[in-house]
Amino acid sequence: MKRNVMTILALWVAIAVTPALAAGPIDGEIGAIWWANDFETTGGSTVVSGDAGAPGYRAEVWLFEDYGLRAGQYRSSLGDFSFDDAESVSVDFLWRVLSPTENNFLAVGAGWQDMDLATVGLAGDTSGARLTAEGRAAAAGFVYVYGQVSYLPSLADADATIITDGTFEDLSGIETEVGASFKLAPFVSLRAGYRSQTIDFTRTGFVPLPGQPTSVDGEIESSGFLAGLTVRF
């Protein structure tokens with residue numbers, strides 16, 4: 001998973017910086033954030049609930065202010081619980097269906113997401129397509145507010161790490177983020193907001209206790225405030 005993250009981020013730097021230096025009709029940004037998220041699971045092989053704040057990264061490029069490409073990586077740090085971090089990497093292709101100005105637009109898109117959810121007992125990653133919508137509105141010359149929502153209709157099934165814990169099926173999820181970006185300098189902005197990610201699943205095929213059901217519905221939720229710096233080009 002970490003290798004996938006580094007590969008995606010390296011590709012983003014190449015995609016973003018090279019056209020910008022060529023002074024083409026391209027603009028974008030790359031930034032780092034701290035996501036102070038609370039992580040909670042139910043219905044998995046393990047149950048975790050607690051503070052899991054961790055750094056995250058995002059980058060995006062827009063062509064002619066109409067067509068965009070965005071990548072992001074977010075984590076929940078679970079070292080205090082002796083678990084590997086829960087990680088999520090996504091790539092979206094976006095189209096501005098309405099765009100009066102650079103910071104006033106409505107965009108929709110589709111992409112792909114890869115998630116490491118070993119915390120709840122998955123043996124390996126799960127991945128799937130995602131549908132995204134984003135709106136942005138300028139509140140002043142130096143600040144804009146934004147809202148994003150992504151729907152993950154069907155993530156791949158995955159076996160549990162321990163065979164007697166069964167299989168995770170019917171995985172789906174939704175991500176939301178709202179916030180504001182404040183321009184601190186010509187090429188530097190402060191991003192602040194609130195982000196939430198929820199993954200639902202059904203666990204089947206495990207060995208139940210006497211009198212217990214043979215399947216159980218579960219949920220993985222990460223939510224909390226975020227803040228970070230963005231460099232524009």
Contacts under 8 angstrom Cβ, first residue in the stretch 123-147 being within 23 Å of residue 220 (Cα to Cα), partner outside any strand (DSSP E or B) and among the aliphatic types (A, V, I, L, M), 6 or more apart: 124/118; 125/1; 125/117; 126/117; 126/156; 127/156; 128/156
Residue count, the stretch 174-233 (criterion: of a type in the set (Ser, Thr, Tyr) and more than 14 Å from the chain's Cα centre (by Cα)): 7
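Read the figures in this text as sums done on the coordinates, not as results from a lab. These numbers come from a predicted model, not from an experiment. Every residue, glycine among them, receives a Cβ derived from its backbone with ideal geometry; neighbour counts consider all protein chains shown.
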